[in-house]
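A short write-up of the structure that comes next.
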Amino acid sequence: MNNHSISMASGQTRREFIATTALASAGLMTGTSLAPGAPAASASSGRKRRYAIVGVGSRSQMYRDAILKTYAPYAELVGFCDLNQGRLNLAREHARRVASADVPVFLARDFDRMVRDTRPDVVIVTTKDAAHSDYIVRAMQLGCDVMTEKPLTTDEKKCRAILEAQRRTGRRCTVTFNYRYSPPRTQVKDLLMSGIIGEVLSVDFHWLLDTHHGADYFRRWHSHKANSGGLMVHKATHHFDLVNWWLSAVPVSVMATGKREFYTPKMARRLGLQSHHERCLTCPEKAQCTFHLDLSRSGSLKELYLDQEQYDGYYRDRCVFRPDIDIEDTMNVLVRYNTGVTLAYSLNAFNAWEGYRIAFNGTQGRIEHTMEENVYINGDGSVPGALKKEGTTIRIYPFRAPAYQVPIWEAKGGHGGGDALLLDDLFLPEKPADKYLRAADQRAGAYSILTGIAANKSMVTGKAVEIAELVPRLALPDYPPMPSADSPVAMPPRA
Ligand SMILES: NC(=O)c1ccc[n+]([C@@H]2O[C@H](COP(=O)([O-])OP(=O)(O)OC[C@H]3O[C@@H](n4cnc5c(N)ncnc54)[C@H](O)[C@@H]3O)[C@@H](O)[C@H]2O)c1
């Protein structure tokens, strides 16, 4: 890819883009897509905001408990919806137990009836990824605002349908990017905004999933691209959103390669097993396989999945070496941004540790940031993605001067400390202005998935894919202003 022939998204010049983001961050731009939410539910009205949740699996529990407990003075849970009657029953019993709340439940086919009968202000979407768009579009058509888990959706067609429905209805569509709220990641944004390394020109970003959490994506619905978009969309939506937001920039062009070489039938044999098998529960080689997952040993996994299989045949413990898996475990991507920045990114799903390393190369120096995460698998009852303090660093390298480490902003809880801060932003009726503009809507949600969708296509064709070919004329998200591309740069000191 050529760094010198940069076509700007929406036909903007680089100077105009920086000016636009500055206006947006000051809240002065009109004609962007944020529409008013349900009118009556606010701190001043005293009315609680009404929420319904569709998809009551593992991730929904964070939102469910936030509404039932932490934010109960401002929020009310009015409905649960899912394909699986067993998980619906669990959610209803849980609400009774922890909050004495009688929350009605609805099967997926009755989603419209749920909205009509229970009149939510907001529908929270936490289904599997490929089903997000159906509910986002329908909820907005029925007059609700939406909060959706990442990824916004899994392909460009569904993405265009969401953008179109949002434009037609004017409803608010929030994409809950918890990673932005993780204090060390916000700190990186703060440093980049401060201009400490000048203007960023290129980024090297490597994300590692270990053989616990990484392997887990190969056990269930994520292991098929039709459900998840593969790890390029399902997982990397977080990472590409972080880069877009860190840089206040959007992707223009993407090239990628990808392969699966670890989670394969051949690797099962190389690891000394006779063969791959269907699932862990019935595996004849469970004693020899250290990838074996015993659902009955974790109360939460047993209750949520094993005990509910009878309703829909959703097996949470399928063999990670199955031949029908069609997602990659090794991915390399090159991205060119509208500001001229270039990104080299990799994602590896069978690593020795979990976390990432990123380096920003600027006109006045370099920032290196590493974050190491604790071992976990989704829904096993442990804190997901909690950072290891000793493995989390931010180091500044000025030109021709000694490098130094900065103290890390404290982060506690799920996903690098991001989950709790995200929830405040979602559910508190009044919150202070956020100079980092961490709240994200459908525009940021779309740009975060389009890099991965383009990467999936590039893996097949071997060619660069232009983002504008997937979704034309996508408006720029609201990002804070960054150091100018035209301001003077200090001459580095003599060595
Ligand atoms: N932001 C984060 O850090 C984070 C972490 C985990 C999961 N997630 C996201 O949360 C969502 C849910 O993930 P999960 O781990 O809870 O998965 P899960 O499999 O535990 O739960 C998904 C639920 O959706 C239901 N469902 C599936 N298809 C449906 C449909 N068409 N209609 C209605 N219900 C349907 C399933 O029955 C299940 O109850 C995913 O989009 C995932 O990407 C985000």
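Considering helices alone, the calculated mean residue ellipticity of the chain at 222 nm is -9000 deg cm²/dmol, with DSSP H runs of length four and up weighted by -39500 (n - 2.57) and normalised per residue.
Each listed q (0.06, 0.09 Å⁻¹) maps to a log10 I(q)/I(0) for the chain, found by the Debye formula over equal Cα scatterers with no solvent: -0.27, -0.62. In the chain, Cα pairs under 8 Å separated by at least six residues give a relative contact order of 22 percent. Scoring 396-407, 241-252, 288-299, 359-370 by mean Cβ neighbours within 10 Å over their residues and listing the highest first yields 241-252, 359-370, 288-299, 396-407. With K and R counted +1 and D and E -1, the other residues having a Cβ less than 11 Å from that of ASN361 yield a net charge of -2. Volume of the convex hull of the range 111-235 (Cα atoms only), normalised per residue: 161 Å³. Were the residues from TYR311 through ARG297 laid out at 0.36 nm apart, the gain over their Cα-Cα distance would be 2.9 nm.
Of all DSSP bridge pairs formed entirely within the chain, close to 60 percent run antiparallel. For the range 304-313, the Karplus equation 6.51 cos²θ - 1.76 cosθ + 1.60, evaluated at θ = phi - 60°, returns couplings of 6, 10, 4, 6, 10, 4, 4, 7, 9, x Hz by residue, with Gly and Pro reported as x. For ALA446, neighbours were defined as the other residues whose beta-carbon sits under 13 Å from its Cβ, and their charges (Lys and Arg +1, Asp and Glu -1) total +2.
Remark: the chain carries a charge dipole of roughly 340 debye about the Cα centre, counting +1 on each Lys and Arg Cβ and -1 on each Asp and Glu Cβ.
For LYS463, the aspartates and glutamates whose Cα falls under 19 Å of its own Cα, not counting residues fewer than eight places away in the same chain, are ASP155, GLU156, GLU328. The simple spin-label model puts a point 7 Å past each Cα toward its Cβ; for ALA344 and GLU469 those points are separated by 2.5 nm.
Sequentially through the range 146-154, phi angles give Karplus couplings (6.51, -1.76, 1.60; θ = phi - 60°) of 10, 10, 10, 5, 5, x, 3, 6, 10 Hz, Gly and Pro residues having no value and appearing as x. With neighbours defined as other Cβ atoms within 10 Å of a residue's Cβ, the residues LEU271, LEU334, LEU209, LEU152 order from fewest to most as LEU271, LEU334, LEU209, LEU152.
Taken along its three principal axes, the alpha carbon spread of the range 41-176 comes to 42, 38, 25 Å, from the longest extent down to the shortest.
A Förster distance of 35 Å, applied to the separation of the beta-carbon atoms of SER202 and ILE408, puts the FRET efficiency at 0.90. Amide H to amide H distances under 5 Å link GLY391 with GLU372, where only residues 5 or more positions off or on other chains count and H is placed in the peptide plane.
Could you tell me which residue out of THR237, TYR263, TYR311 lies farthest along the dipole of the range 237-346 toward its positive end? Charges go on the beta carbon: Lys and Arg +1, Asp and Glu -1, centred on the Cα centre. The listed residue farthest towards the positive side: TYR263. Dividing the mean sequence gap of close Cα pairs (under 8 Å, 6+ apart) by how many residues the range 240-310 holds gives a relative contact order of 13 percent. Centroid-to-centroid, using Cα positions, the range 411-460 and the range 162-218 are 6 Å apart.
Residue separation of LYS259 and THR290 scaled by 0.36 nm, minus their Cα-Cα distance, works out to 8.9 nm of gained length. Estimate the FRET efficiency between THR70 and ALA226 by the formula 1/(1 + (r/R0)^6), using the beta-carbon distance for r and 25 Å for R0, to the nearest 0.05. About 0.10, to the nearest 0.05.
Scanning the chain for long hydrophobic helices, with DSSP H runs required to stretch 24 angstrom or more by C-alpha along their axis and to average at least 0.0 on the Kyte-Doolittle scale, returns 442-461. The phi-based Karplus calculation (6.51 cos²θ - 1.76 cosθ + 1.60; θ = phi - 60°) puts the 3J(HN,Hα) values of the range 47-52 at 7, 6, 7, 9, 10, 10 Hz, whole numbers, x for Gly and Pro.
Would you mind getting me the FRET efficiency between VAL383 and ALA101? Use the beta-carbon distance for r and R0 = 22 Å, nearest 0.05. For R0 = 22 Å, the calculated efficiency reads 0.30. For the range 187-343, the number of Lys pairs separated by eight or more positions or lying on different chains, with C-alpha atoms closer than 19 Å, is 5.
The numbers here are math on the coordinates, done by the rules we state, and not lab data. Here the structure is a predicted model, which means the values were calculated and not measured. Cβ coordinates were reconstructed from backbone atoms using ideal geometry, including for glycine residues, and neighbour counts include every protein chain displayed.
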